[in-house]
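See below for the structure under consideration.
Read the figures in this text as sums done on the coordinates, not as results from a lab. Everything numeric in this text was worked out from a predicted model, so none of it was measured. Don't worry about glycine lacking a Cβ; one is built from the backbone with ideal geometry, like all the others, and counts go over all protein chains shown.
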Amino acid sequence: MFRQQPASTNTRNAENSANSKVALVAEGGGQRGIFTAGVLDTWLDAGHDPFDILIGTSAGSQNLTSFVARQKGYAKRLIRGLTRNKRFFQMGRGLMGKHIVDLDWYFDKTQEANRLLDLETAKSNVADREILFTATNSRDRKAYFLNPMKSQNNWVELIKASSALPLLYKQGVPLHTEIEPKPAANTDFYLDGGLAAPLPVTEAYNRGATKIVVIRTVDQGFQAQSPWLQKLSAVMCATGTCPKTIDYLLQHEHAYQKELAFIENPPEGVEVIQIFAPNKLQSKLLGSTDAQLRHDYNLGKKAGIAFLEAENTLQAQCGNEAENGAIDSEMSPQKATRSDNILLAKSVEEAKGKQAKAKRPLFTLPFPARFKQNINTQKEDKRMSA
């Protein structure tokens, strides 16, 4: 399933526009990240990697690493294998003051010969690009975007920090950073990036992206707004101090809402493309069965294939438009179908009609479809095609 947000009336700094880029954002979600793994494995098969900026949160950081390392199936193998091992996740350990989620064991296992990441290939593939992993500093609770190509910390340690769920992995992962001068040693603890930057689309835009592809690991209608959490926090935080669990959940919710607002109303000339599963994901944050994980991986593969077909359809349409001149608003419906007769593209006019009726301008189809936006020529020249 695919959703495209067209441009709004906001303006972008002219200097940034001149350096527009294509970004890929991979959402976290624990074991639900296996959907993302399916999408990216399909793209590896097709040699599809046009991205200038890659930003991953939590499980998304590991997925992006295996993607740039060109290790198809790596993330799927670890999610289906290591994350289902009893050593990785045990609620009872929390009662003994230990990690409920043992990231130390998990990442130690990735150092074994049959699970090693090809970091040399990864580094060579992002040498002239930006790859960033989100993490939340436990001291100031702000989002930080860690670049493994520039960090003095180990690449795998950055993935670990991005994935360190609060309370489940105690105080977080210690990283040596140069955030600000401090009288003591500048080593801070970092927690899961999903707390402060669960869906870092705005960061991609701030770094110059005008086309942002977002792989989501939630249902299409997910809004990160929980009435029970609001009511609970109103009662428990009335004294001015919130329990840490409630505080973390509220921070995540507020950050998520901010990013959804950006996606819903992107700046002028900015295209945000979201990739959802064509059906509801069966896997959970933790505790999924192998059958559920296999199901969601296959959904990811379907979504990845459908996205590529939509991209190819768009490129073909753009080529025809270039030959025939300007876009005709009265053009006849352009259709592309799969062998199973699922409609991939409809007429531009029909799409505009749907936009006018919906609060959110979006296109929702069983599989990805792309529509060329009618943006002025000057903006079009500044946008980068995938």
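Before moving on, here are some points about what is shown:
- Gyration tensor verdict on the range 81-193 (Cα atoms; rounded if a/c is under 1.5, prolate if a/b is larger than b/c, oblate otherwise): oblate
- 27 Å Cα-Cα threshold exceeded, pairs from LYS123/LYS211; LYS109/LYS142; LYS21/LYS170; LYS109/LYS280: LYS109/LYS142; LYS21/LYS170; LYS109/LYS280
- The range 44-83 - Rg (one decimal) and Dmax (whole number), Cα, Å: 10.7, 31
- Counting charges near ALA23 (Lys, Arg +1; Asp, Glu -1) among other residues having Cβ under 12 Å from its Cβ returns a value of 0.
- Using alpha carbons only, the radius of gyration of the range 105-171 set against its Kirkwood radius gives Rg/Rh = 1.00.
- Dipole-positive endmost among ALA255, LEU281, PRO266 within the range 244-285 (Cβ charges, Cα centre): LEU281
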